[in-house]
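Enquirer: Before we start, here is the structure in question, set down as structure tokens.
Readers should treat all values here as calculations from the given coordinates under stated rules, not as data from a laboratory. Everything numeric in this text was worked out from a predicted model, so none of it was measured. Reconstructed Cβ throughout: ideal geometry from the backbone, glycine too, with neighbour counts over all protein chains shown.
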Amino acid sequence: MAKTVLVGVTGCVAAYKACEVVRGLQKAGVRVKVVMTEHATEFVTPLQFRALTHEPVAVGLFDDAPGDPIHHISLAKEADLFLIAPCTANVIAKIAHGIADDLLTTTALATTAPLVIAPAMNVNMYEHPATQQNMQALANRDVSFIDADEGYLACGDVGRGRLADPEVIVRAVLDALDEQRDLEGKRILITAGPTVEPIDPARFISNRSSGKMGFALAQAAAERGAQVTLVAGPVALPDLDAPNIETIHVQTATEMLEAVDVRFDAVDAAIFSAAVSDMRPAAPSTQKLKKGVDDEQLSHLALEPNPDILATMGARKRTGQVVVGFAAETDSLEEHARTKLESKHANFIVGNLVGEGRGFGTDDNQAIIVSASETEKLPLMSKVDLANEILNRL
Ligand SMILES: Cc1cc2nc3c(=O)[nH]c(=O)nc-3n(C[C@H](O)[C@H](O)[C@H](O)COP(=O)(O)O)c2cc1C
């Protein structure tokens, strides 16, 4: 299916060059839709883009015809990538601060698609600390910039600020779209969340894993084109809604092993991010244990080891198959991760510290990645970014 690029056009002299960008993307087989700011329409008409794209051109936030979907949300969802070219200093500033006061900026806030910005403005506007800081803030949030060129500007000044060549913009967008699908045709198995091990029908032992890391991995892998099987312990997260993600819900480590066992041989890579309970009650009761009656059993809970899913699958790994494990430790992280790497036959181990508010349940994670040849220390980042860092190394 053709990818959809939403092209945002803002109030710049260079707005007419967006026509060339649109044509270039179309020639590459991309479906293009255009959203404009009101000020952009002073420079180029919506009709121009409607004629080029054969699609309605969106300008007003409140323009929806009755029965139409809410425009900024439908545009945001439709886009595989949102390109703003040319982008004014004003729109850069608004997006950097989360301001959503027109259709284009509201869509920018509503979309989860990658955002690519090609700025164009007078050299003093470009070099102004406000603009530079806004661009830096966006770059820190993984917004990609196509640098403005240096040269003679429409206002007569000479310096940086001229919109990058439309061909360069088209190439950058196509590269970004390709990059996103680098796992196309790959099958990836991911485990996530905790397991729960029953003591009796009402009670269990478990751990604090939220499943956020595994779900972020599944989402990112699916977005990059992989066919994903997600085996999830009980988590409070909604199921991921993508046609290339199959989610299998399990409760115990034994159930997780069974689900993994029948699927492992067919996948190209398996990422074991679940926090599997190491131990389980040796003799779970079929009836609720009662205070005063079963005190002996409740105060001396006999435990037995659970199967080690990572080690079992690591030992079975075939040539070319990639196995990734996780190590959540409270201390000596690198040492434990390296021991795990060797004993479980993993290709690499993602290690992170847990406890004192770190790791479990949070949206951010600071991890190390330990492989046979090196230990990489990654900065604190969102679990989504960490998921992509892990996938980059597959
Ligand atoms: C003739 C003209 C050319 C302009 N060119 C630019 C430009 O290239 N880049 C820019 O950031 N602002 C430019 N501006 C200023 C913007 O149009 C102005 O900041 C406007 O509020 C931007 O609206 P928008 O960001 O919603 O599109 C220009 C203004 C005029 C009148």
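Enquirer: May I ask you to compute the full-extension gain from Asp268 to Thr319, defined as 0.36 nm times their residue separation minus their alpha-carbon distance, rounded to one decimal in nm? Don't jump to the answer; show the numbers that get you there.
Expert: Working: separation 51, 0.36 × 51 = 18.36 nm, distance 1.00 nm.
Gain in length upon complete extension: 17.4 nm.
Enquirer: Going through the cross-link list Lys27/Lys186; Lys212/Lys377; Lys77/Lys377; Lys3/Lys186; Lys340/Lys383; Lys186/Lys212, which pairs have a Cα-Cα distance over 25 Å in this structure?
Expert: Numbers: Lys27/Lys186 28 Å; Lys212/Lys377 21 Å; Lys77/Lys377 34 Å; Lys3/Lys186 19 Å; Lys340/Lys383 22 Å; Lys186/Lys212 22 Å.
In this structure, Lys27/Lys186; Lys77/Lys377 lie more than 25 Å apart at Cα.
Enquirer: Separate question: Tell me which of His71, Ala137, Ala372 sits at the most positive position along the dipole axis of the chain, charges placed on C-beta atoms (Lys, Arg +1; Asp, Glu -1).
Expert: Final value for the positive-end residue is Ala372.
Enquirer: Specify whether the C-alpha gyration tensor of segment 187-392 places it in the rounded, prolate or oblate class, a ≥ b ≥ c being the square roots of the eigenvalues: rounded for a/c under 1.5, otherwise prolate if a/b is larger than b/c and oblate if not. Could you put the intermediate results ahead of the total?
Expert: Values: a/c = 1.71, a/b = 1.53, b/c = 1.11.
Here segment 187-392 falls in the prolate category.
Enquirer: Where does the chain land on the Kirkwood hydrodynamic radius, alpha-carbon pairs, in angstrom? Could you put the intermediate results ahead of the total?
Expert: On the way: mean 1/r = 0.0422 Å⁻¹.
It works out to 23.7 Å.
Enquirer: Given a cut-off of under 8 Å on Cα pairs at least six residues apart, what relative contact order in percent is computed for the chain?
Expert: Values: 815 pairs, mean separation 41.9, N = 394.
Relative contact order comes out at 11 percent.
Enquirer: Do any trypsin sites (Lys or Arg not before Pro) in segment 246-313 lie in a loop, going by DSSP, with at most 10 other beta-carbon atoms within 10 Å of their beta carbon, and if so which?
Expert: Values: sites: Arg263, Lys288, Lys290, Lys291; in loops: Lys288, Lys290, Lys291.
Of the trypsin sites (Lys or Arg not before Pro), the ones in loops of segment 246-313 whose Cβ has at most 10 other Cβ atoms within 10 Å are Lys291.
Enquirer: Provide the net charge surrounding Phe348, with neighbours chosen by a C-beta distance below 12 Å and charges set as Lys +1, Arg +1, Asp -1, Glu -1.
Expert: Details: positive: Arg338, Lys340, Lys344, Arg393; negative: Glu342, Glu374, Glu376, Glu389.
Result for the neighbourhood of Phe348: 0.
Enquirer: Magnitude of the Cβ-charge dipole of the chain, K/R +1 and D/E -1, about the Cα centre, nearest 20 debye? Walk me through the numbers on the way to the answer.
Expert: Details: 35 positive and 53 negative charges, 98 e Å.
The calculated dipole for the chain is roughly 480 debye.
Enquirer: Can you list residues whose amide H is under 5 Å from Gly8's amide H, if they're 5+ apart or on another chain and H is modeled 1.01 Å from N?
Expert: The list, which skips near neighbours in sequence, is Val35, Leu83, Ile84, Ala85.
Enquirer: Any chance you could check the Cα centroid distance between segment 306-355 and segment 196-271 for me, in angstrom?
Expert: First find each Cα centre; the distance between them is then 17 Å.
Enquirer: If you add up the charges near Val44, with Lys and Arg at +1 and Asp and Glu at -1, over every other residue whose beta carbon is less than 13 angstrom from its beta carbon, what do you get?
Expert: Values: positive: Lys17, Arg50; negative: Glu20, Glu38, Glu42.
Combined, the nearby Lys, Arg, Asp and Glu give -1.
Enquirer: Further question on the same structure: Can you spot the aspartates and glutamates whose alpha carbon is less than 12 Å from Lys290's alpha carbon? Ignore those fewer than 8 places along the same chain.
Expert: Asp200
Enquirer: For each of Ser343, Ser373, Ser209, count neighbouring Cβ atoms within 10 Å of the residue's Cβ, then give the residues from fewest to most.
Expert: On the way: Ser343 13, Ser373 6, Ser209 26.
Starting with the residue having the fewest Cβ neighbours, the order is Ser373, Ser343, Ser209.
Enquirer: Of Ala28, Leu104, Ser277, whose Cα points farthest to the positive end of the dipole of the chain (charges on the beta-carbon: +1 Lys, Arg; -1 Asp, Glu; origin at the Cα centre)?
Expert: Working it through, the farthest residue towards the positive pole turns out to be Ala28.
Enquirer: What number, in percent, do you get for the relative contact order of segment 4-180 if the mean sequence gap of Cα pairs under 8 Å and at least 6 apart is divided by its residue count? Let's see the in-between values first.
Expert: Numbers: 346 pairs, mean separation 40.3, N = 177.
Reported relative contact order: 23 percent.
Enquirer: Compute the relative contact order of segment 129-287 as a whole-number percentage, counting only Cα pairs closer than 8 Å that sit 6 or more residues apart in sequence.
Expert: Values: 273 pairs, mean separation 39.6, N = 159.
Taking the mean separation of contacting Cα pairs over the length of segment 129-287, I get 25 percent.
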